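Below is one structure; the comments refer to it alone.
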Amino acid sequence: MISKKNNPRILITSGEPAGIGPDLVIKLSQINHQYDLTVVGDPDLLKERAKLLSIPLKIITVSEGDIPETVSNKNYLKILPVKLKAKCMPGCLDAKNASYVIDSLSIATEACLKKKFNALVTTPIQKSIINDAGIKFS
């Protein structure tokens, strides 16, 4: 299942929705690279954050069963969607979105264990807000 084109397939989680993770993923979309990048996250969150940052971004939504193998293009992100549980504002943590972070990590880990990707990169998460939501995480 690994890329036939010999380009590494990389899966990246967008991390804490109120943090820097979505910004990092959006900035990554602005460079040309020789790997196949797919992001696990909320497409609407990334679109909103790109607008706040005044960065052009086009989203290509994919499903776990159908993740096309293509080298990513500048200004585009392939997204394996996970919806936020609550509206998010940059810098404003919300325990309601803790399960979103855990779901994103679970989906990404499972996809890598199924050998659909060569590597997994995670952007920063806020462990304390996950714990505040009643989820034991360290």
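Every residue in the range 16-54 that is among the acidic types (D, E) and within 15 Å of L120 (Cα to Cα), please.
Step one: of the range 16-54, the residues among the acidic types (D, E) are 16, 23, 36, 42, 44, 48.
Residue satisfying the conditions is D36 alone.
Report, by residue number, each residue of the range 104-132 that is under 26 Å from L53 (Cα atoms) and of a type outside the set (A, V, I, L, M, F, W, C).
Within the range 104-132, S104, T122, T123, P124, Q126, K127 meet the criteria.
Test T109 against the stated conditions and say whether it is surrounded by 14 or more Cβ atoms within 10 Å (Cβ to Cβ) and part of a helix (DSSP H, G or I). Before the answer, list the steps.
Values: surrounded by 14 or more Cβ atoms within 10 Å (Cβ to Cβ): yes; part of a helix (DSSP H, G or I): yes.
Considered against the rule, which asks whether it is surrounded by 14 or more Cβ atoms within 10 Å (Cβ to Cβ) and part of a helix (DSSP H, G or I), T109 comes out as yes.
Among the residues of the range 50-66, is any open to solvent by less than 50 Å² (accessible area, probe 1.4 Å), of a type in the set (V, I, T) and closer than 19 Å to L24 by Cβ?
So in the range 50-66, the residues open to solvent by less than 50 Å² (accessible area, probe 1.4 Å) come out as 50, 55, 57, 59, 62.
Next, only the ones that are of a type in the set (V, I, T) stay: 55, 59, 62.
Then keep just the ones that are closer than 19 Å to L24 by Cβ; that gives 55, 59.
Within the range 50-66, one or more residues are open to solvent by less than 50 Å² (accessible area, probe 1.4 Å), of a type in the set (V, I, T) and closer than 19 Å to L24 by Cβ.
The values are calculated or read from the model by the stated rules, or taken from the named source; none is laboratory data. Just so it is clear, the model here is predicted, and its values are computed rather than measured. Note: ideal-geometry Cβ built from the backbone for every residue, glycine included; neighbour counts use all protein chains shown. To get the accessible areas, we keep the full protein, side chains included, count just its heavy atoms, and leave off ligands, DNA and RNA. Shrake-Rupley method; radii C 1.70, N 1.55, O 1.52, S 1.80 Å.
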